[in-house]
Structures are given as C-alpha cells and as structure tokens.
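Visitor: Shown below is the structure under consideration.
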Amino acid sequence: MRLTTKGRYAVTAMLDLALHRGKGPTSLADISERQGISLSYLEQLFAKLRRHDLVKSVRGPGGGYQLSRELESIFVAQVVDAVNETVDATGCGGQGGCQQMGETCLTHHLWCDLSDQIHTFLSGISLADLVSRREVQATAERQDRRHQSRQMSADRIAVG
C-alpha cells in the first residue's frame, strides 16, 4: 500500500489543528515546529485544504488556520482526497498495465479492492475519533511541552 508523504502530512497537520482548536487560530509555523513539517510544504497543503472547505484562514495579528467544520464531520479520507492523494495498493497505479505489454495482472482486481477497502476505512474515521484517542492526546501533550520549552528559550535569548 502506498500513501505518500503528502497525504500523511496533511492528516497530521489537520489533527494538530484539531487538537489545538480551542486556543484560537493556529499558525502554520507552530504546526511546522511541532510536527517537523516544512512551512512551505504546509502552505501548499493548506491551500488545497482551504479550497476543499476543510480549513479557513484568519488574517491579522494572532491569525492562522481553524477547522471550517466540526471535528465529527471531517474524515481522514476527505483530507487525503483534498490534497489529491490516493491510497493505492496496486503496483500499476490502478491503471491496469501491470504486466508486460500493458496487460492486467492476475491480482490487479484484488489490489484494487484492497485500495477501495482502505479508502472506506479512512472514510469512517473522523478527526473527533482521532482526537479522543488516549495515545494521540499523550503525544500531543509531549509535543506541546517541547514546543513551549523552545518558545521560552527563544524568548530568553531575544530578551537577553
């Protein structure tokens, strides 16, 4: 199965946004620092997420991004689809030219069915489902502590 970095990063960034939703808009710089995703890459992803009405931007001081809908109505498959990503278990990209001379291999339809099952599975998992997971909350708390520590160190350097 293949889910590229684009899809993984988009889901990770959306989950970060969901976890920090009660604190006002979240800057891409904060997501970048917490999740180790380049800021320019996040900007590209969020342009697509905004076009698909999954996030909205807030301008001005303290601006950033917010989810445009409730957590329960944003599903992992929607995020993956929004960044033009496919979950593909075939070796041919779903095109059917699996073997020499462009013919379909014996197991092509099996792998297509698996891809469909994975998409269906991801369609049933909302951001709310992920946010409620204990291990996700524990990871987010660790990341937040590390992020706050770095911010305090940067503030001390700037003042000192």
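The values are calculated or read from the model by the stated rules, or taken from the named source; none is laboratory data. Since the model is a prediction, treat every value here as computed from it, not as a measurement. A quick note on method: Cβ atoms are made from the backbone with ideal geometry, for glycine too, and the neighbour counts reach across all protein chains shown. Heavy atoms of the whole protein, side chains included, go into the accessibility calculation; ligands, DNA and RNA do not. Shrake-Rupley method; radii C 1.70, N 1.55, O 1.52, S 1.80 Å.
Visitor: Among what's in segment 110-160 and is over 30 Å from E70 (Cα atoms) and basic (K, R), pick the residue that is modelled with the highest pLDDT.
Guide: R150
Visitor: Another question about this same structure. Could you name every one of the helices (runs of 4 or more DSSP H) located completely within segment 63-160 that has at least 3 residues being basic (K, R)?
Guide: Numbers: elements: 76-82, 108-123, 127-131, 134-159.
Of the helices (runs of 4 or more DSSP H) lying wholly inside segment 63-160, those with at least 3 residues that are basic (K, R) span 134-159.
Visitor: Moving to a separate point now. Could you check S126 against (1) farther than 26 Å from E85 by Cα; (2) touching a residue at least 40 places away in the same chain (Cβ under 8 Å) and say which number it fails?
Guide: The number of the failed condition is (1).
Visitor: Could I ask something else about it? Filter segment 21-34 down to residues that are free of Cβ contacts under 8 Å to residues at least 60 places away in the same chain and touching a strand residue (DSSP E or B) at 6+ places or on another chain (Cβ under 9 Å) and give me whichever is farthest from D113 (Cα to Cα). Spell out how you get there, then give the answer.
Guide: Step one: list which residues in segment 21-34 are free of Cβ contacts under 8 Å to residues at least 60 places away in the same chain, which gives 21-29, 31-32.
Still in the running and touching a strand residue (DSSP E or B) at 6+ places or on another chain (Cβ under 9 Å): 21, 24-29, 31.
Values: R21: 36, G24: 41, P25: 39, T26: 38, S27: 39, L28: 36, A29: 39, I31: 35 Å.
Here the residue is G24.
Visitor: So, of the residues in segment 116-146 that are of a type in the set (V, I, T) and over 24 Å from G36 (Cβ atoms), which turns out to be least open to solvent (accessible area, probe 1.4 Å)?
Guide: Within segment 116-146, the match that is least open to solvent (accessible area, probe 1.4 Å) is I118.
Visitor: Could you run through segment 35-49 and say how many residues are closer than 19 Å to I74 by Cβ and either of a type in the set (V, I, T) or touching a residue at least 12 places away in the same chain (Cβ under 8 Å) (or both)?
Guide: Of the residues in segment 35-49, 7 are closer than 19 Å to I74 by Cβ and either of a type in the set (V, I, T) or touching a residue at least 12 places away in the same chain (Cβ under 8 Å) (or both).
Visitor: Another question about this same structure. I want to confirm something. Restricting to segment 67-105 and keeping residues that are in contact (Cβ under 8 Å) with a residue 24 or more places away in the chain, polar (S, T, N, Q) and within 30 Å of K23 (Cα to Cα), which single residue is least open to solvent (accessible area, probe 1.4 Å)?
Guide: Checking each candidate, the answer is S73.
Visitor: Another one. Those residues that are charged (D, E, K, R), more than 30 Å from L110 (Cα to Cα) and within 14 Å of the chain's Cα centre (by Cα), I need them from segment 1-52; list them, please. If you could, list the steps in order and put the result at the bottom.
Guide: Initially, segment 1-52 is screened for residues charged (D, E, K, R), giving 2, 6, 8, 16, 21, 23, 30, 33-34, 43, 48, 50-51.
The next check asks that each one be more than 30 Å from L110 (Cα to Cα); those that pass are 16, 21, 23, 30, 33-34, 43, 48, 50-51.
Hits for segment 1-52 are D16, R34, E43, K48, R50.
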